[in-house]
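The values are calculated or read from the model by the stated rules, or taken from the named source; none is laboratory data. No experiment lies behind these values; they were computed from the predicted model shown. Neighbour counts run over all protein chains shown; Cβ positions are idealised from the backbone, glycine included.
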Amino acid sequence: MKLKTLILASATSLLLAGTAMAQTAIKIGVLNDRSGVYADLSGEGSVIAARMAVEDFDAAGKGITVEIVSADHQNKPDVASNIARQWYDQDGVDLIVDVPTSSAAFAVNEITREKNKIFMNSGAGSADLTGAQCSPNTVHWTYDTWALAHGTGSAMVAEGFTKWFFITADYAFGQALEKDTTAVVTAAGGEVLGAVRHPFPGTDFSSYLLQAQASGAQVIGLANAGGDTVNTIKQAAEFGITQAGQALAGLLIFITDIHALGLETAQGLVLTESFYWDLNDQTRAWSERFAAQNDGNKPTMVQAGVYASVLHYLKAVEATGGKETEALMAAMKSTPTSDPLFGEGMIREDGRKVHDMYLFKVKSPAESTGPWDYYTLLATIPAAEAFRPLADGGCAFIAK
Amino acid sequence: MFELLGIPPQALFGQLLLGLINGSFYALLSLGLAVIFGLLNIINFSHGAQYMMGAFVAWMLLTYTGINYWWALLIVPIVVGATGVVIERLMISRLYHLDHLYGLLLTFGLALIIQGLFRNQYGVSGLPYSIPAELSGGTNLGFMFLPNYRAWVVVASVVVCFATWFAIEKTRLGAYLRAATENPTLVGAFGINVPRMITLTYGFGVALAALAGVLAAPIYSVNPNMGADLIIVVFAVVVIGGMGSILGAILTGFGLGIVEGLTRVFYPEGSAVVIFVIMAIVLLVKPAGLFGRTP
């Protein structure tokens, strides 16, 4: 009898000691495309990035236990909502990260708000996430369509490429990108001669390219993404579009796309990204560690964004000593962000993460020293100019 | 300058030619499907995956062994065709006595497995494959810049399609094949090894898909989903041409390529559905297809 009490007592004290050590248990859900067109730019790489953030933060040493779960949303909003609901309701997930594909991101955005959890998006492009659809529970970390359109659009016009023609993927994202870029180009004194909208996804773009060529435009803006962009660029090279003097402007291109195209085809392309592995010593060191775990593939800006956002979240957890949503969001927005990949930055009131963006030009095979050495930095777009001004977003919850 | 339907004639010629080029791929792929369906009664849903394998094996040959495009044109159909032979022997041959639906389900499942394996190994972004040096560059036709490689694709496709049609419709071997589909027992009684002939026919159909894959590798993105994107359209082509009709598959392949090309000029948003609209109309008016025999 006495022995039994003793065991019980010691077991209880052990348990208490255990909870004293691990004050906070966090569960992070990485929700993205693990098998479709965006699997290479997000996918397992984003899970690796999240895990690296937890290790680098030394969460265990700070009394925070972190569990990471992941799932494939197949780029479908309905699948994304089902998983998000299950994670929040049954699995005790506190934070969802990544979520490429804008329509899926909108779905997760809504559910997160309804359940009062936190959503840190890295993969999706639509600027509406911090505009018309903004939510006090959402942070949009890596990039958005506004930033891409402005980065590439204004830079090209400034270089004298004033006449534009768009090849646009015929769905919400492509049309938004075309609209945003058209606004930038005309505001900068350029002119849009026409556009052709192709079904998504497509295989053969030669017909659209010929129409673009016949338009007499100086720049062909590619308002599409993923495999569509890769095919368009490949076929533009084949049909001698670039050799004949027209420039291509990629409005959403990731380094994995350039890797797929090869430099022979992609050279000379101008594009905007918020991260490149070869920017400085810190990004190089981190990317090398990342590549070692990801079959030698360097990180995309989306994967880098997952790392940085998880890191910032964990800092807020440490600072507030808990996981209460309002406190965490307030802490994340009031503390400036600082990480090895995006440097110094901040999260705006509307949830927009603000940092520098970079305008890159794709190297020629002769300039490149090997795989993944793809970009030359043309210009740095300072954080203050890189993103849409707070007042223009039309975010409803912000006091006017 | 006069215009035709609001489009300058030069632009129109260019688009017609582009349509013809796309039609070459439709024709080659639907030809393989028609051969397999016409002679084996199998609806080969793994055709798209086998086309993708063709492109991937060409890439592997170049990357791992340095074997160039021209040899790939010969080797890849043999290699991928051989995998088709194995699949036919091990699996499909067990389904001949069952309904079409079983063959369809089996090959569809195989397609998903093959695509999954490639996706796992190579990711989805696609792999680069350059146009062979002999065919790079192009010719300025006045109304458009025609890449030499595209011209070669049209020529290669026409030659292969004609040769296949000739072999099946006009030669003794083709006669055996057609007879074996009508009455395998009787043809077997004449001392012809019918199962082997059927196996090789399936292998040949798969080899055609692989050949189309090699032709596509330099111009389309080599990725695990490339076949899945195309196969539905190609099935529509086969249905419009008439299931199992060799000539129908070839002519509708080229014809629909042109129709699709024109749609891209006049109403690009509709270019993805135009083939299916035509399919619906053809099925309503002539259920057996344009060149099909009414049973």
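Okay, residues lined up against (1) within 30 Å of residue A:39 (Cα to Cα); (2) in contact with a Cys (Cβ under 7 Å, 6 or more places away or on another chain); (3) assigned to a helix (DSSP H, G or I):
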| position | (1), (2), (3) |
| --- | --- |
| B:116 | yes, no, yes |
| B:124 | yes, no, no |
| B:130 | yes, no, no |
| B:139 | no, no, no |
| B:157 | no, no, yes |
| B:162 | no, no, yes |
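Aromatic (Phe, Trp, Tyr), in contact with a strand residue (DSSP E or B) (Cβ under 6 Å, 6 or more places away or on another chain) and within 12 Å of chain A (Cβ to nearest Cβ): does that describe residue B:118? No, not satisfied. When you check residue A:70 against the structure, is it in contact with a strand residue (DSSP E or B) (Cβ under 8 Å, 6 or more places away or on another chain), polar (S, T, N, Q) and within 14 Å of another protein chain (Cβ to nearest Cβ), yes or no? In short, no.
Are any of the residues in region A:186-204 farther than 25 Å from residue A:37 by Cα, β-branched (Val, Ile, Thr) and either out of contact with any helix residue (DSSP H, G or I) (no Cβ under 7 Å at 6 or more places or on another chain) or in contact (Cβ under 8 Å) with a residue 24 or more places away in the chain (or both)?
yes
Counting residues in region A:315-335 that are touching a strand residue (DSSP E or B) at 6+ places or on another chain (Cβ under 6 Å) and without any contact (Cβ under 8 Å) to a residue 60 or more places away in the chain gives one or more. Scoring residue B:274 on the criteria (1) within 14 Å of another protein chain (Cβ to nearest Cβ); (2) farther than 26 Å from residue B:78 by Cβ; (3) under 15 Å from the mean Cα position of the chain (by Cα) leaves a single failure, condition (3). Screening residue B:192 on (1) in a helix (DSSP H, G or I); (2) over 17 Å from residue B:32 (Cβ atoms) shows it passes everything except condition (1). Filter region A:113-151 for residues that are among the hydroxyl-bearing types (Ser, Thr, Tyr) and more than 17 Å from residue A:385 (Cα to Cα) and give the result. Within region A:113-151, A:122, A:126, A:135, A:138 qualify. The listed residues are A:379, A:366, and the only one of them that is exposed (fewer than 14 other Cβ atoms within 10 Å of the Cβ), aliphatic (A, V, I, L, M), out of contact with any Asp or Glu (no Cβ under 9 Å at 6 or more places or on another chain) and not assigned by TED's automatic domain parsing to the domain that holds residue A:52 turns out to be A:366.
Determine whether residue A:172 is under 26 Å from the mean Cα position of the chain (by Cα) and more than 10 Å from chain B (Cβ to nearest Cβ). Yes; evaluated as a whole, the condition is true for this residue. Against the list (1) within 14 Å of chain B (Cβ to nearest Cβ); (2) of a type in the set (Gly, Ala, Ser); (3) in contact with a Gly (Cβ under 8 Å, 6 or more places away or on another chain); (4) in a strand (DSSP E or B), the condition residue A:249 fails is (1). Just one of the listed residues (B:290, B:283, B:251) is under 14 Å from the mean Cα position of the chain (by Cα) and farther than 22 Å from residue A:208 by Cα, namely B:251. Among the residues making up region B:271-288, a single one is modelled with pLDDT under 90 and touching a helix residue (DSSP H, G or I) at 6+ places or on another chain (Cβ under 6 Å): B:271. Checking each residue in region A:138-170 for being part of a strand (DSSP E or B) and under 17 Å from residue A:224 (Cβ atoms) picks out A:164, A:165, A:166, A:167, A:168, A:169. When residue B:39 is tested against (1) touching a strand residue (DSSP E or B) at 6+ places or on another chain (Cβ under 6 Å); (2) within 25 Å of residue B:291 (Cβ to Cβ), just one condition goes unmet, and that condition is (1). Would you check which residues across region A:39-57 are surrounded by fewer than 20 Cβ atoms within 10 Å (Cβ to Cβ) and without any contact (Cβ under 8 Å) to a residue 60 or more places away in the chain and list them? A:51, A:55 - these are the residues of region A:39-57 that are surrounded by fewer than 20 Cβ atoms within 10 Å (Cβ to Cβ) and without any contact (Cβ under 8 Å) to a residue 60 or more places away in the chain.
Can you tell me which of (1) modelled with pLDDT of 95 or more; (2) loosely packed, with under 14 Cβ neighbours inside 10 Å is the one residue B:51 doesn't meet? Only one criterion in (1) modelled with pLDDT of 95 or more; (2) loosely packed, with under 14 Cβ neighbours inside 10 Å is unmet by residue B:51, namely (2). Of the helices (runs of 4 or more DSSP H) that lie entirely inside region A:265-363, those containing 3 or more residues that are under 18 Å from residue A:144 (Cα atoms) and assigned by TED's automatic domain parsing to the domain that holds residue A:53 span A:301-320. Restricting A:102, A:122 to residues that are among the polar types (S, T, N, Q), on the phi < 0 side of the Ramachandran plot, surrounded by 24 or more Cβ atoms within 10 Å (Cβ to Cβ) and out of contact with any strand residue (DSSP E or B) (no Cβ under 7 Å at 6 or more places or on another chain) narrows the list to A:102. Residue count for region A:205-224 under the criterion of being crowded, with 24+ Cβ neighbours inside 10 Å, within 12 Å of another protein chain (Cβ to nearest Cβ) and either among the β-branched types (Val, Ile, Thr) or not in a helix (DSSP H, G or I) (or both): the result is 1.
Quick check on region A:373-386: of everything there that is part of a loop (DSSP other than H, G, I, E, B) and at pLDDT 95 or above, which residue is nearest to residue A:288 (Cα to Cα)? Step by step, filter region A:373-386, then rank; the result is A:373. Hey, any hits in region B:241-259 for a residue that's within 11 Å of chain A (Cβ to nearest Cβ) and either modelled with pLDDT of 90 or more or assigned to a loop (DSSP other than H, G, I, E, B) (or both)? Taking every residue of region B:241-259 in turn, at least one turns out to be within 11 Å of chain A (Cβ to nearest Cβ) and either modelled with pLDDT of 90 or more or assigned to a loop (DSSP other than H, G, I, E, B) (or both).
Checked across region A:202-217, the condition of being under 26 Å from residue A:75 (Cβ atoms) and β-branched (Val, Ile, Thr) holds for at least one residue. For region A:225-246, give me each residue that is surrounded by fewer than 24 Cβ atoms within 10 Å (Cβ to Cβ), within 12 Å of chain B (Cβ to nearest Cβ) and either on the phi > 0 side of the Ramachandran plot or in contact with a Lys or Arg (Cβ under 8 Å, 6 or more places away or on another chain) (or both). Selection gives A:238, A:240. Look at (1) within 14 Å of chain A (Cβ to nearest Cβ); (2) part of a helix (DSSP H, G or I) and you find that residue B:219 fails only one, number (2).
Kindly establish whether residue A:219 is in contact with an Asp or Glu (Cβ under 8 Å, 6 or more places away or on another chain) and not assigned by TED's automatic domain parsing to the domain that holds residue A:128. The answer is no for residue A:219.
For region A:175-196, check the following and say yes or no: at least one residue is in a strand (DSSP E or B), within 14 Å of chain B (Cβ to nearest Cβ) and among the aliphatic types (A, V, I, L, M). The answer is yes, given that some residue of region A:175-196 is in a strand (DSSP E or B), within 14 Å of chain B (Cβ to nearest Cβ) and among the aliphatic types (A, V, I, L, M).
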